[in-house]
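Got a structure for you, written out below as structure tokens; questions coming shortly.
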Amino acid sequence: MGNLEISHDILIAGSDFESCQQQVKHFFKRTMLIRYDQVLVLENESINGTEKNFQVRIEAGLQANRKILGEFLASLKEEGFFSLDDLQGLEKGYLSKILHTIAHLQDGFIGIDSRFYNLEEDSHTVTRHLQQKLQATPHTYWILRVKGRIASKGEDPFDALRTFEGRGRAHD
């Protein structure tokens, strides 16, 4: 198997790119939710709040998260889960993992399926209050493009992403 790369756009506040990059790297180093062998912050694909495409980039990220959420919900429906009552019969396995990922996308825990993540609010959305702050002081906000890499050592690289599950650590 080859290396696995996952991209995230991370919304963060800071005085400059360097300070934001350090915050993001620290976040990925300490989070138990996903583990990467290497975290790359791509400066040439990161933008400051003063740039004209900043709001477009936020909306594109939010839309990407909504698309993933919709795909997961469609998968559950294809398997016959249409209501909350239907979930009572959900057995542990692939479908319960989908439900778990849906919950994470809704509750703000970052995961490999997070395309846009608001580190300021630990969320996959942007509140009206933060939108106002973005408009008032755009120069203090950044969207950093992050690539997480997992080097394959012969096993399934997805196993390394959720190391907390194998160790029995609680995360939610």
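The values are calculated or read from the model by the stated rules, or taken from the named source; none is laboratory data. Quick caveat, the model's predicted, so the values are computed rather than measured. Every residue, glycine as well, gets a Cβ built from its backbone with ideal geometry; the counts of neighbours run over all protein chains shown. Ligands, DNA and RNA are excluded from the accessible area calculation, which covers all protein heavy atoms including side chains. Shrake-Rupley method; radii C 1.70, N 1.55, O 1.52, S 1.80 Å.
Is it the case that some residue within segment 122-137 is touching a residue at least 24 places away in the same chain (Cβ under 8 Å), open to solvent by 60 Å² or more (accessible area, probe 1.4 Å), part of a loop (DSSP other than H, G, I, E, B) and of a type in the set (Ser, Thr, Tyr)?
Taking every residue of segment 122-137 in turn, at least one turns out to be touching a residue at least 24 places away in the same chain (Cβ under 8 Å), open to solvent by 60 Å² or more (accessible area, probe 1.4 Å), part of a loop (DSSP other than H, G, I, E, B) and of a type in the set (Ser, Thr, Tyr).
How many residues are within 15 Å of the chain's Cα centre (by Cα) and either open to solvent by 90 Å² or more (accessible area, probe 1.4 Å) or among the small types (Gly, Ala, Ser) (or both) when one looks only at segment 60-73?
The number of residues fulfilling the criteria is 6.
Scan segment 29-58 residue by residue and report those that are under 20 Å from Leu134 (Cα atoms), out of contact with any helix residue (DSSP H, G or I) (no Cβ under 9 Å at 6 or more places or on another chain) and touching a residue at least 24 places away in the same chain (Cβ under 8 Å).
The answer is Glu45, Arg57.
Taking the condition modelled with pLDDT of 95 or more and more than 17 Å from the chain's Cα centre (by Cα), does Leu90 pass? Full working, then the answer.
Working: modelled with pLDDT of 95 or more: no; more than 17 Å from the chain's Cα centre (by Cα): yes.
When the stated conditions are applied, Leu90 does not pass them.
Restricting to segment 94-116, count the residues that are farther than 14 Å from Leu69 by Cα and open to solvent by less than 30 Å² (accessible area, probe 1.4 Å).
Counting residues in segment 94-116 that are farther than 14 Å from Leu69 by Cα and open to solvent by less than 30 Å² (accessible area, probe 1.4 Å) gives 0.
Still on this model: Given (1) under 27 Å from Lys97 (Cα atoms); (2) open to solvent by 60 Å² or more (accessible area, probe 1.4 Å); (3) not in a helix (DSSP H, G or I), where does Glu43 come up short, assuming only one miss?
In the conditions (1) under 27 Å from Lys97 (Cα atoms); (2) open to solvent by 60 Å² or more (accessible area, probe 1.4 Å); (3) not in a helix (DSSP H, G or I), Glu43 misses (1) alone.
Please name all residue pairs, on different chains or six or more residues apart, with Cβ atoms under 6 Å, provided the first residue is in segment 64-93 and is within 18 Å of Gly111 (Cβ to Cβ) and in a helix (DSSP H, G or I) and the second residue is open to solvent by less than 40 Å² (accessible area, probe 1.4 Å) and of a type in the set (Phe, Trp, Tyr).
Matching pairs, first to second residue: Asn65/Phe116.
I'd like the full set of residues that are open to solvent by 80 Å² or more (accessible area, probe 1.4 Å) and either in a strand (DSSP E or B) or of a type outside the set (Asp, Glu) (or both), limited to segment 7-22. Working first, answer last.
From segment 7-22, those open to solvent by 80 Å² or more (accessible area, probe 1.4 Å) are 15, 18, 22; that's our starting set.
Within segment 7-22, Ser15, Gln22 qualify.
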